[in-house]
Amino acid sequence: MNHEELLRESRRILEEGGVEAPSLPVAASGTFPLNCDIAGDIALVTFISSLPGEDAYRSEEYVFERIRGTWEYLGGGAASMEFPIPVRRSREDLNGTHMRLTGHGLTKRRRVGDLPTEGWISTAELRLSDEVALFRLDDRPVPVPGHGIVSAIWPTLESATATALASDGRTLSSLVLEPRVWTTTSS
């Protein structure tokens with residue numbers, strides 16, 4: 001799919017309120033919706049694309065803001081994926097952790113609030129182990145696709161706490177996501 005087709009598909013997904021996560025047990029070619037997170041008037045849609053001539057994939061994120069009833073595209077990004085096929089990994093595959101941050105981003109809102117931190121949208125991509133059944137970003141539940149890759153969005157530059165939970169509600173792991181750290185550069 002080209003960029004315009006991905007934007008149309010993203011808007012369709014947003015209007016339908018989410019995406020059914022693909023199951024890719026073997027290598028596949030093409031572009032597929034990976035997941036979606038909607039938090040009020042902002043949303044993040046993530047696709048997975050096979051790279052031509054390689055046994056590798058990249059994730060592509062599209063960030064939207066609902067303005068006057070329409071999902072407006074704000075920006076996004078792409079990154080290669082560390083595992084060739086997006087399937088749920090064990091805790092051992094994730095270096096002994098239940099949750100690992102694999103990507104993050106910041107996007108400026110079109111509508112800016114009163115505080116400097118309100119003009120930003122933060123995003124994170126996390127890989128969850130096969131023991132994780134539920135995921136929360138602060139107090140908000142975020143859907144956990146079968147492949148275990150979660151994309152999360154929140155409407156500020158302030159930090160958010162990602163929590164991975166077992167099926168019985170027990171906390172397996174927590175991680176503070178700090179967008180302010182992402183914006184700093186070292187000299």
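Taken one residue at a time, the phi angles of the range 90-105 give Karplus couplings (6.51, -1.76, 1.60, θ = phi - 60°) of 7, 4, 5, 5, 9, 6, x, 10, 7, 8, 9, 6, 10, x, 7, x Hz. Gly and Pro are set to x. For the range 33-82, the Kirkwood hydrodynamic radius from C-alpha pairs, put into Stokes-Einstein at 10 °C and a viscosity of 1.306 mPa s, yields a diffusion coefficient of 135 µm² per second. Here Val144, Val150, Val19 are placed in order of increasing Cβ neighbour count within 10 Å, fewest first, which gives Val144, Val19, Val150.
Distant-in-sequence amide contacts of Ser173, defined by a placed amide H-H separation under 5 Å and a gap of 5 or more residues or a different chain, comprise Ala164.
A cut-off of 5 Å between modelled amide H atoms, ignoring neighbours fewer than 5 places along the same chain, links Ala56 with Leu51.
Amide H contacts under 5 Å for Thr156: Ser122, restricted to partners 5 or more places along the chain or on a different chain, H placed in the peptide plane at 1.01 Å from N.
The spacing between the range 38-79 and the range 133-176, judged by their C-alpha centroids, is 19 Å.
Sequence-ordered 3J(HN,Hα) estimates for the range 161-167 from the Karplus curve with 6.51, -1.76 and 1.60 and θ = phi - 60° stand at 9, 8, 10, 9, 10, 6, 4 Hz, glycine and proline given as x. Across the range 140-154, coupling constants 3J(HN,Hα) worked out from phi with the 6.51/-1.76/1.60 Karplus curve, θ = phi - 60°, read 9, x, 10, x, 9, x, x, 7, x, 9, 10, 10, 10, 9, 8 Hz, and Gly and Pro carry x. If you bin all the Cα-Cα distances of the range 123-187 at 5 Å, starting from zero, the percentages per bin are 4, 17, 29, 22, 13, 9, 4, 2, 0, 0.
We did not get these values from a lab; they are worked out from the coordinates using the rules stated. Just so it is clear, the model here is predicted, and its values are computed rather than measured. Glycine gets a Cβ as well: all are built from the backbone with ideal geometry, and neighbour counts include every protein chain shown.
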